[in-house]
Amino acid sequence: MKKWVFLSHQINEKTPFYGNGQSFQSKVINSMQKGDSCNSEKWFFSNHTGTHIDCPFHFSINGKKINDYPPDFWIFFKTHCVDISPVSPGTIIDIHQLPLIKIPSDTELLLIKSGFCYHRNESMYWNQNPGLSPDLFSIFRKNFKSLRAIGFDMISISSWQNRQLGRIAHKAFLDTENPILLIEDMELSAIKSETVLEQVIVSPLVIQDADASPCTIIGRIQ
């Protein structure tokens, strides 16, 4: 039986933030319990809060922004998930951990399940998170010509313990000519090794000139 699942986390005041920075905050503007005619809130949060996607403008003044992409860019019909869990804290994931031979050559969206999302309520989720090697970009580009984005259940591509390498990785993947966009802090607990994803829809907040945006992601699985 086919069903849709969320592949993004809900955002709330407990949402972890890279570097333990200020996360989501809300303020009540109108409240029916207080006699107002409706309920409304004001929200305060970084555009890198929760499950979000990084665009090239994040690390390049000439890079594409969220609003530069057409609607159909955010719909993926060829998604593959690689389960390499459990990944140890601080690990820099490279070609040795990823079974490239099992990834279809026409993959459009590659998901990497590290299992680190199970530490999301712990401080180690941000201060001991694994990261990705910048060397993976050229390997992915060579082997997967249709790849438009990668997503993973870690707070960032950049390991907090190796931030300089993380900056290099960001710049590599967010190449201005042929980038692979980064979806950080995904919810992949519903995805198992045998799960087949027929369709994934990534829905960012389309804010003009944004370098990144929180997004709701849903996937249809068999």
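For the chain, the Cβ-based charge dipole about the Cα centre amounts to some 140 debye (Lys, Arg positive; Asp, Glu negative; other atoms uncharged). Remark: the stretch 139-147, residue by residue, has Karplus-estimated 3J(HN,Hα) of 5, 5, 4, 6, 9, 10, 5, 8, 5 Hz, where x stands for each Gly or Pro and the curve is 6.51 cos²θ - 1.76 cosθ + 1.60 at θ = phi - 60°.
Taken over the chain, the alpha-carbon convex hull comes to 141 cubic angstrom per residue.
Take the alpha carbon atoms of the stretch 49-113, find their radius of gyration, then divide it by 2.2 N^0.38 Å using N residues; give the quotient. Show your work: numbers first, answer last.
Values: Rg = 14.8 Å, N = 65, 2.2 N^0.38 = 10.7 Å.
Against the empirical 2.2 N^0.38 Å value, I get 1.38 for the stretch 49-113.
Under 5 Å between amide hydrogens, built in the peptide plane, is the criterion, and for LYS113 it picks out VAL82, ASP83, ILE84 among residues at least 5 positions away or on other chains.
Here the stretch 109-178 is treated as a sphere whose radius is the Kirkwood value from Cα pairs; by Stokes-Einstein at 10 °C and 1.306 mPa s it diffuses with a coefficient of 125 µm²/s. May I ask what percent, to the nearest 5, of DSSP beta bridges between residues of the chain are antiparallel? Percentage antiparallel, nearest 5: 65. The separation of the stretch 101-142 from the stretch 33-70, counted between C-alpha centres, amounts to 23 Å. When the chain is treated as a GNM with alpha-carbon contacts under 10 Å, the residue of GLY35, GLY90, GLY19 showing the greatest mean-square fluctuation is GLY35. First check a/c for the stretch 103-222, with a ≥ b ≥ c the square roots of the eigenvalues of its C-alpha gyration tensor; if it is under 1.5, answer rounded, and if not, answer prolate when a/b is larger than b/c or oblate otherwise. Judged from the Cα gyration tensor, the stretch 103-222 comes out rounded (a/c under 1.5). Between ILE61 and SER189, the modelled label-to-label distance comes to 4.4 nm, taking each label 7 Å out from Cα in the direction of the beta carbon. Quick check for you: which residues of the stretch 67-81 have the amide N under 16 Å from the point 7 Å beyond the Cα of VAL196 toward its beta carbon? Hits in the stretch 67-81 for VAL196 at 16 Å: 77-81. Here the relative contact order of the stretch 88-140, from alpha carbon pairs under 8 Å that lie six or more residues apart, stands at 65 percent. On full extension, the segment bounded by ARG141 and GLN10 gains 44.0 nm, given 0.36 nm per residue less the C-alpha separation. Dimensions of the stretch 1-117 based on its C-alpha atoms, expressed as ranges along the principal axes with the largest first, amount to 62, 45, 36 Å.
Explain nothing, just the number: dipole magnitude of the stretch 170-222 about its Cα centre with +1 on each Lys and Arg Cβ and -1 on each Asp and Glu Cβ, in debye rounded to the nearest 20. All intermediate terms of the calculation are to be shown ahead of the outcome.
Values: 3 positive and 9 negative charges, 40 e Å.
Roughly 200 debye for the stretch 170-222.
Net length available on complete extension from GLN164 to GLN222 is 16.9 nm, with 0.36 nm assigned per residue and the Cα-Cα distance removed.
For the stretch 32-39, backbone phi angles converted through the Karplus equation (6.51, -1.76, 1.60; θ = phi - 60°) give residue-by-residue couplings of 5, 5, 9, x, 6, 7, 7, 9 Hz, Gly and Pro being listed as x.
With an 8 Å Cα cut-off and a minimum separation of 6 or more residues, compute the relative contact order for the stretch 63-222 in percent. Let's see the in-between values first.
On the way: 322 pairs, mean separation 46.0, N = 160.
Normalised by residue count, the contact order of the stretch 63-222 is 29 percent.
Relative contact order for the stretch 1-141: what is it in percent, counting Cα pairs under 8 Å that are at least 6 residues apart? Provide the component values of the computation, followed by the final result.
Numbers: 166 pairs, mean separation 29.1, N = 141.
Value for the stretch 1-141: 21 percent.
Helix 163-173 and the long axis of the chain differ in direction by around 80°, with both axes built from C-alpha atoms. Under a straight-distance cross-link criterion of Cα-Cα below 21 Å, which lysines are reachable from LYS102, leaving out those fewer than 8 residues away in the same chain? By straight Cα distance, LYS102 reaches LYS78, LYS113, LYS142, LYS145, LYS192. Each peptide in 23-32, 118-127, 156-165 gets a packing score, the mean of other Cβ atoms within 10 Å over its residues, and the list from highest to lowest is 156-165, 118-127, 23-32.
Bear in mind these aren't lab numbers, they're just calculated from the coordinates by the rules spelled out. Treat the numbers as computed from the prediction; the structure is a model and nothing was measured. No Cβ is skipped: glycine too gets one built from the backbone with ideal geometry, and neighbour counts run over all protein chains shown.
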